[in-house]
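Trainee: Okay, here's the structure, questions in a sec.
The values are calculated or read from the model by the stated rules, or taken from the named source; none is laboratory data. The structure presented is a predicted model; accordingly, all values stated were derived computationally and were not measured. Don't worry about glycine lacking a Cβ; one is built from the backbone with ideal geometry, like all the others, and counts go over all protein chains shown. Only protein heavy atoms, including side chains, enter the accessible area calculation; ligands, DNA and RNA are left aside. Shrake-Rupley method; radii C 1.70, N 1.55, O 1.52, S 1.80 Å.
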Amino acid sequence: MGISRPMSSGIGVWELFGPISGTRRLRHYTEANDGLKNSRRVKAVLINVDSPGGLATASDFLYSAVTRLSEKKPVVVFVSGTCASGSYLASCPAAKIVALPTAVIGSIGVLSVRPIVQDLLNKIGVHVDVTKSGRLKDMGSFYREPTEEEKKKEEELIAGFYDYFVAAVAKGRKMEESKVRELATGEVFLGEKARSLGLIDEVGDLDRAIDIASELGRVGRRLIPMRRRPSLSERLFLRFADESFEEALVQAEGLLSRRIFYLG
């Protein structure tokens, strides 16, 4: 009878690629995060980031998940492409952020987007009849221009998202909020400039990020990719449609609604 050997410890690898949305992709990210957090084999975590950010609430969900992960294990972020807005927010709880010289960092800010198709509806003879319980109940609707009161309310809402973002960056990067506000113009910076401003810790390659994770986790450079096994229903679905198709359907549903982004 063979003797079972314990599986080697190492560095868990989690990839944060593409736009951050509230669909199946977000669920995959958070499940991967939980798997890394709970694995006894994983002594440190390397998050490879190439994302322009995305929906504000989804980005905040990831920020909270990475915060919980970093409280349990050392987390190192490696920026292989873009780490902007919502993806930068999600990266801030990491112990260290390493980026390539040509990586794009920052875009700290908030974007509120809503299409207004009032002229189109008038042209094709469509009239929207609304019965509402309060004057602001249909605020953000696509079928009319906003009132001055609604514009002011919208600005207050965006200011709240913005203040939250700035505070999260200040906490994670150990910077004064006033300094973060100077940088929070929506501007992006290349690696070396981002380092000099305190938005990242080092300019380096993937090997350097692995070295740091190994040092912080006191573990060898063995990488443990985090892969999630699809459920039976997902495997059946994927026989007929891929994830991009599902993502497109979800995006289409939100075309006529107000959406708030941490997006670079």
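Trainee: Pull out all pairs, ordered by first then second residue, where Cβ-Cβ is under 9 Å, the residues are six or more apart or on different chains, the first lies in segment 152-170 and is in contact (Cβ under 8 Å) with a residue 40 or more places away in the chain and open to solvent by less than 40 Å² (accessible area, probe 1.4 Å), and the second is of a type in the set (A, V, I, L, M) and assigned to a helix (DSSP H, G or I).
Mentor: As it stands, the answer is PHE165/ALA56; PHE165/LEU89; PHE165/VAL180; VAL166/VAL180; ALA168/LEU89; VAL169/LEU89; VAL169/VAL180; VAL169/LEU183, since those pairs meet every condition given.
Trainee: Select from segment 175-186 the residues that are open to solvent by 70 Å² or more (accessible area, probe 1.4 Å), part of a helix (DSSP H, G or I) and under 23 Å from ALA95 (Cβ atoms) and list them in ascending order. Give the steps one after another, and end with the answer.
Mentor: Within segment 175-186, the first condition is being open to solvent by 70 Å² or more (accessible area, probe 1.4 Å), and the residues that meet it are 176-179, 181-182, 185.
Narrowing further to those that are part of a helix (DSSP H, G or I): 177-179, 181-182.
Correct list: GLU177, LYS179.
Trainee: Inside segment 74-112, can you point out the residues that are open to solvent by 20 Å² or more (accessible area, probe 1.4 Å) and in a loop (DSSP other than H, G, I, E, B)? Give the derivation first.
Mentor: To start, the set of residues in segment 74-112 that are open to solvent by 20 Å² or more (accessible area, probe 1.4 Å) comprises 74, 80, 82, 93, 95-96, 100-102, 104, 110-112.
Within segment 74-112, PRO74, PRO93, ALA95, LEU100, PRO101, THR102, VAL110 qualify.
Trainee: Among PHE189, PHE261, which is at pLDDT 95 or above, part of a strand (DSSP E or B), within 22 Å of the chain's Cα centre (by Cα) and surrounded by 14 or more Cβ atoms within 10 Å (Cβ to Cβ)?
Mentor: Values: PHE261 fails: at pLDDT 95 or above.
Exactly one residue qualifies, and that residue is PHE189.
Trainee: Given the condition in contact (Cβ under 8 Å) with a residue 12 or more places away in the chain and farther than 24 Å from TYR162 by Cβ, answer yes or no: does some residue in segment 80-94 qualify? Write out each step before concluding.
Mentor: Residues of segment 80-94 in contact (Cβ under 8 Å) with a residue 12 or more places away in the chain: 80-94.
Among the residues that remain, those that are also farther than 24 Å from TYR162 by Cβ are: 80-81.
Within segment 80-94, one or more residues are in contact (Cβ under 8 Å) with a residue 12 or more places away in the chain and farther than 24 Å from TYR162 by Cβ.
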